[in-house]
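The block underneath contains the structure these notes are about, expressed in structure tokens.
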């Protein structure tokens, strides 16, 4: 059976670990028999089926590096969602999860593509960007990389400790945060939504032709994409992935 055929089939994964990331976010560590691998930036579709036969499905980005043996999905709970409350509050180790994938080829990065690499995320939009950072670390890449990450509060920074560790041991990686709603008393970082002025300070010059990946809520992605192009970055090198306010 070809890899392409596998991507269209629904199959079952075993939940082997559930890791709290923030008060609203958890990572699901999955064991997938015969997993054929993925590229950093891809996603999967997850499907839940109720006892009465009702089904709901949502797409979730893959958080794990292609080099990892297990598949990791990081899910942010939406209170009015159909799928995310179950995944974050009900699903347990030992359960099975129905999914298909990996899906997507446009929003992906491999270390051999080089850089510089500019990653810009908002909220759970950091998930596919984290897969890229984990892939970069796993292969020992020294591609100059900057992550600009917008969160509502310090407590809601997904992967905060891991990002701190990665940046501390890698001089070619910079992690820049901006907090939009609340901040610790001694916070010295950015304190607003990402805008053109912030991007001009953080991003490389367009002359350096960085690869830019932007993921997050639709308003953020549209604003950042337009701002980068307005600053002179080639539209073909600015790749975007967005999600709306509904669903989950």
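State yes or no: is residue 141 surrounded by 14 or more Cβ atoms within 10 Å (Cβ to Cβ) and over 24 Å from residue 76 (Cβ atoms)?
Yes, satisfied.
Can you say whether residue 115 is farther than 30 Å from residue 233 by Cα, touching a residue at least 12 places away in the same chain (Cβ under 8 Å) and in a loop (DSSP other than H, G, I, E, B), as far as the supplied structure shows? Break it down stepwise before answering.
Working: farther than 30 Å from residue 233 by Cα: no; touching a residue at least 12 places away in the same chain (Cβ under 8 Å): yes; in a loop (DSSP other than H, G, I, E, B): yes.
Answer is no for this residue.
If you scan the range 63-100, which residues turn out to be more than 19 Å from residue 136 (Cβ to Cβ), outside any loop (DSSP other than H, G, I, E, B) and touching a helix residue (DSSP H, G or I) at 6+ places or on another chain (Cβ under 6 Å)?
Matches in the range 63-100: 75, 76.
Taking only the range 14-30 into account, find how many residues are under 20 Å from the mean Cα position of the chain (by Cα) and surrounded by 15 or more Cβ atoms within 10 Å (Cβ to Cβ).
Of the range 14-30, the ones under 20 Å from the mean Cα position of the chain (by Cα) are 15, 17-30.
Then drop every residue that is not surrounded by 15 or more Cβ atoms within 10 Å (Cβ to Cβ), which leaves 15, 18, 21-22, 24-30.
Here the count works out to 11.
Hey, among the residues in the range 28-43 that are at pLDDT 95 or above and out of contact with any helix residue (DSSP H, G or I) (no Cβ under 9 Å at 6 or more places or on another chain), which one's nearest to residue 88 (Cα to Cα)?
This residue is 29.
Looking only at residues in the range 101-112 that are touching a strand residue (DSSP E or B) at 6+ places or on another chain (Cβ under 7 Å) and not in a strand (DSSP E or B), which one is nearest to residue 174 (Cα to Cα)?
By that ranking, first place goes to 109.
Is it the case, given these coordinates, that residue 105 is touching a residue at least 24 places away in the same chain (Cβ under 8 Å), over 30 Å from residue 45 (Cβ atoms) and either in the same structural domain as residue 60 (by TED's automatic domain parsing) or loosely packed, with under 15 Cβ neighbours inside 10 Å (or both)?
Judged against the criteria, residue 105 is not a match.
Check off (1) surrounded by fewer than 15 Cβ atoms within 10 Å (Cβ to Cβ); (2) touching a strand residue (DSSP E or B) at 6+ places or on another chain (Cβ under 7 Å); (3) in a loop (DSSP other than H, G, I, E, B) for residue 155 and give me the number that stays unchecked.
Every listed condition holds for residue 155 apart from (3).
Which numbered condition trips up residue 124, out of (1) surrounded by fewer than 24 Cβ atoms within 10 Å (Cβ to Cβ); (2) in the same structural domain as residue 236 (by TED's automatic domain parsing); (3) touching a residue at least 12 places away in the same chain (Cβ under 8 Å); (4) outside any strand (DSSP E or B)?
For residue 124, the exception is condition (1).
The values are calculated or read from the model by the stated rules, or taken from the named source; none is laboratory data. Keep in mind that this is a model prediction, so the values were computed, not measured. FYI the Cβ positions are ideal-geometry reconstructions off the backbone, even for glycines, and counts take in every protein chain you see.
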